[in-house]
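Asks: I am attaching a structure below and will ask some questions about it afterwards.
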Amino acid sequence: MTKPTLGYWDIRGLAEPIRFILHFKNVDFRDKRYVFTTNDWPNDKFTLGLDFPNLPYYIEGDIKLTQSLAIMRYLAQKYGLDGKDDLQKSRVHMAEQTVADHIERLRSVILSNDYEAAKVEFIKNMPSVFKLWDKFFGDGKYIAGEDITYVDFLAYETFDFYRLIYENALEGFPTLQAFQKRIKNLPELQDYFSSSVYKRWPVFGPSAKFGGGGEEPNHA
């Protein structure tokens, strides 16, 4: 059977949580990475049989998906990472949409023509955001409670983006700090983190005012 393929730019971006899921479940997959300065993606774009050609994409036999959340939901259902009961699933679905909102806000900041001013306001609002998350986690290890789900990888990566923009983003929120450490230290991810395939930087595409190139922050 042909191994599945995950296609995306050679950055973390929207695909990194998907990569985490696949590595966490020890899936043998092709990590196809496109370089911004080449024509590889334009050349491939309309040749893969994708209904809505876009990056990231995931191809597994007759399953051909685009849109990062759709890919994560498919993999979560396939590998039992979508919650074990109605309560867990409801928490996961709500958290997913909330994190998606955070990603959109982050995107508006890093693409802003006045990045420095947008960044100041963004950082100012961080405590109110993380205060809600800290309460939401409560005593649970993960978003659904004691069981890890796909949205934990999405949240981990998004919280880390916030930390990259502002080193002290999670200061004063020990529950979230423990969560970030818990995901980062998952045994199933250590081979990936230590491999040459894993790239901590850049985070976003070259059009971003932050994280799209140059030197990574000292606290990365």
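Asks: When a/c is below 1.5 the answer is rounded, else prolate if a/b is larger than b/c, else oblate, so apply that to segment 74-136 with a ≥ b ≥ c taken from the square roots of the Cα gyration tensor eigenvalues.
Replies: Since a/c reaches 1.5 but b/c is at least a/b, the shape of segment 74-136 is classed as oblate.
Asks: When the accessible area of the chain is split by element with a 1.4 Å probe, what percent falls to carbon and sulfur?
Replies: Percent of accessible area from carbon and sulfur atoms in the chain: 49.
Asks: Related question: Students sometimes get this wrong: rank L65, L87 by accessible area, probe 1.4 Å, all chains present, largest first.
Replies: Result of the area sort, largest leading: L87, L65.
Asks: Before I look further, what does segment 120-188 give for accessible area per residue, probe 1.4 Å, in whole square angstrom?
Replies: Accessible surface, normalised per residue, equals 47 Å².
Asks: Kindly provide the GluC sites (Glu not before Pro) of segment 81-152 that DSSP labels as loop, not H, G, I, E or B, and whose Cβ sees at most 12 other Cβ atoms within 10 Å. Could you put the intermediate results ahead of the total?
Replies: Details: sites: E96, E104, E116, E121, E146; in loops: E146.
Passing both the DSSP loop test and the Cβ count: E146.
Asks: Using each residue's phi in segment 53-60, evaluate 6.51 cos²θ - 1.76 cosθ + 1.60 at θ = phi - 60° and report the 3J(HN,Hα) Karplus result to the nearest Hz, with x for Gly and Pro.
Replies: x, 6, 10, x, 10, 9, 10, 9
Asks: Can you list the residues, at least 5 places off or on another chain, whose amide H is less than 5 Å from the amide H of K84, using H built in the peptide plane?
Replies: Result for K84 returns K89.
Asks: Then there is this: Tell me the label-point distance for the pair K209, L111, using the 7 Å Cα-to-Cβ offset, in nm and rounded to one decimal.
Replies: Reported label-point gap for K209 and L111 is 1.4 nm.
Asks: By the gyration tensor of its Cα atoms, with a ≥ b ≥ c the square roots of the eigenvalues, what is the shape of the chain: rounded for a/c under 1.5, prolate for a/b over b/c, or oblate?
Replies: oblate
Asks: Then there is this: ³J(HN,Hα) across segment 172-181 via Karplus (A = 6.51, B = -1.76, C = 1.60, θ = phi - 60°), whole Hz, x for Gly/Pro?
Replies: Going residue by residue, I get x, 10, x, 5, 6, 4, 5, 4, 4, 5 Hz, with x marking Gly and Pro.
Asks: For a quick check: with amide H placed at 1.01 Å from N, whose amide H comes under 5 Å from W9's, ignoring anything fewer than 5 positions away on the same chain?
Replies: Here the answer is Y34, since their amide H atoms fall under 5 Å of that of W9.
Asks: Something else about it: Which aspartates and glutamates, if any, have their Cα less than 20 Å from the Cα of K131, not counting same-chain residues under 8 positions apart?
Replies: Of all the aspartates and glutamates, those that pass the test against K131 - Cα under 20 Å, at least 8 places apart if same chain - are E96, D101, E104, E121, D139, D152, E157, D160, E167, E171.
Asks: How many lysine pairs does segment 1-120 hold where the Cα atoms are under 20 Å apart and the two sit 8 or more places apart or on different chains?
Replies: Close lysine pairs found across segment 1-120: 14.
Asks: Once you've got the GNM for the chain with C-alpha springs shorter than 10 Å, pick whichever of A15, A100, A144 has the biggest mean-square fluctuation.
Replies: The residue with the greatest mean-square fluctuation here is A100.
Asks: Modelling each spin label as a point 7 Å along the Cα-to-Cβ direction, I'd like the E216/K124 distance in nm, to one decimal.
Replies: Going by the 7 Å Cα→Cβ label model, 3.1 nm.
Asks: Could you identify which residue out of I123, I143, I11 has the top mean-square fluctuation in a GNM of the chain using Cα springs shorter than 10 Å?
Replies: So, out of I123, I143, I11, the one fluctuating most is I123.
Asks: Still on this structure, please answer the following. Between segment 66-99 and segment 113-189, what is the C-alpha centre distance in whole Å?
Replies: Using only Cα atoms to place each centre, the spacing works out to 18 Å.
The values are calculated or read from the model by the stated rules, or taken from the named source; none is laboratory data. Predicted model only: the values in this text are computed from it and were never measured. Positions of Cβ are generated from backbone atoms using ideal geometry, with glycine treated the same way; all protein chains shown enter the neighbour counts. These accessible areas exclude ligands, DNA and RNA; they are computed on the full protein's heavy atoms, side chains included. Shrake-Rupley method; radii C 1.70, N 1.55, O 1.52, S 1.80 Å.
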